[in-house]
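Notes to accompany the following structure.
The values are calculated or read from the model by the stated rules, or taken from the named source; none is laboratory data. On a predicted model such as this, the values are computed, not experimentally measured, just so you know. Here the Cβ positions follow ideal geometry from the backbone for every residue, glycine too, while neighbour counts run over all protein chains shown.
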Amino acid sequence: MKIIINADDFGFSKSINKGIIQAYQEGLISSTTIMINMPYADDAIAKWKENSLLGLGLHVNLTQGSPIGNRYSSLVDQEGFFYNHKSIENLEVEIAYEDAYQEIKAQIEKLLSYQVTIDHLDYHHFIILHPSIRKALLDIAKEYNLPIRSIDSTFRDDVLNVGVKTTDAFCLDFYGEGVKGETIIDFIEKHKDCNSIEILTHCGYIDEDTKNRTSYLLREVELNELRKLKASSFYEKYELSKYNEL
């Protein structure tokens, strides 16, 4: 079984960047995904280039901050910022396919401009619940031949139908109250028949800047739970993999 342990939100803050790189150096994760429009994307890339065997994907972001491309009218509010993720997930705003497509493509091209190879695509929040964004992501994944995270069986079928690679299963449970090593162990046990799975993490550290910009503050707890897993010999039983190895 190929197990991908991915750390989301690379580039969000210096403290998260530090935690993700430390997690990789300790052998706790195999890939990360960068929010290329966030303030510390440059810092993240600089750190990654010193640790370039860490899989580097794009964390497509249409819900936090502002676009890196033109100010696509259907993606942003009157102040030019992305709509809140709940508005998008609940289909409270009408997103134009072309706007979503162009911004996702702009984020990919921005990441490629750093002379990196993109490991895969995933997404900040559940933006694939919006039909226009869902289609744009699938079309671009196919266009660039990039594997993509599939959070459920329905989206997995959509991904496979367009000829794009994804894992057989995805673990979202290592979050909030589920942040404990047993969550990961139980998920793997329940999916023994799978050839590949992805486990989502948000490991990192929290500084004042991070605390002021995100409500999810269990990042160091996640990091420590992964360390406990390593101490229990978990990582000796399973070889970590990346999307480009599917």
Kindly evaluate residue 142 against the criterion of being in contact with a His (Cβ under 9 Å, 6 or more places away or on another chain) and not in a loop (DSSP other than H, G, I, E, B). no
Test of understanding: among 100, 44, 96, 106, which residue is closer than 19 Å to residue 223 by Cβ and of a type in the set (A, V, I, L, M)? 44
Can we say residue 159 is among the β-branched types (Val, Ile, Thr), under 25 Å from residue 63 (Cβ atoms), modelled with pLDDT of 95 or more and part of a helix (DSSP H, G or I)? yes
From the set of residues in region 212-221 that are out of contact with any helix residue (DSSP H, G or I) (no Cβ under 9 Å at 6 or more places or on another chain) and part of a helix (DSSP H, G or I), which is nearest to residue 3 (Cα to Cα)? 221
Can you name the number of the only condition in (1) surrounded by fewer than 18 Cβ atoms within 10 Å (Cβ to Cβ); (2) among the basic types (Lys, Arg); (3) farther than 22 Å from residue 238 by Cα that residue 156 fails? (1)
Could you say which residue among 138, 91, 121 is surrounded by fewer than 16 Cβ atoms within 10 Å (Cβ to Cβ), of a type in the set (A, V, I, L, M) and either closer than 21 Å to residue 38 by Cβ or at pLDDT 95 or above (or both)? 91
If you go through region 229-240 one residue at a time, do you hit one that is surrounded by fewer than 14 Cβ atoms within 10 Å (Cβ to Cβ), in a helix (DSSP H, G or I) and touching a residue at least 24 places away in the same chain (Cβ under 8 Å)? no
Do we find a residue being farther than 16 Å from residue 4 by Cβ, over 17 Å from the mean Cα position of the chain (by Cα), of a type in the set (Lys, Arg) and part of a helix (DSSP H, G or I) anywhere in region 180-197? yes
Considering only region 200-218, I want to know if a residue exists there that is basic (Lys, Arg) and within 17 Å of residue 19 (Cα to Cα). yes
Enumeration of residues in region 145-176 that are touching a residue at least 24 places away in the same chain (Cβ under 8 Å) and over 14 Å from residue 243 (Cα atoms): 151, 155, 158, 162, 171, 172, 174, 175, 176
Identify the residue in region 29-85 that is without any contact (Cβ under 8 Å) to a residue 12 or more places away in the chain and among the aliphatic types (A, V, I, L, M) and, among all such residues, is surrounded by the fewest Cβ atoms within 10 Å (Cβ to Cβ). 53
Test result for residue 164, assigned to a loop (DSSP other than H, G, I, E, B) and under 20 Å from residue 68 (Cα atoms): no
From the residues in region 142-179 that are within 14 Å of the chain's Cα centre (by Cα) and of a type in the set (A, V, I, L, M), which one is nearest to residue 118 (Cα to Cα)? 146
Considering region 173-195 alone, what residues qualify as being out of contact with any Phe, Trp or Tyr (no Cβ under 9 Å at 6 or more places or on another chain) and surrounded by 14 or more Cβ atoms within 10 Å (Cβ to Cβ)? 178, 179, 186, 191, 194
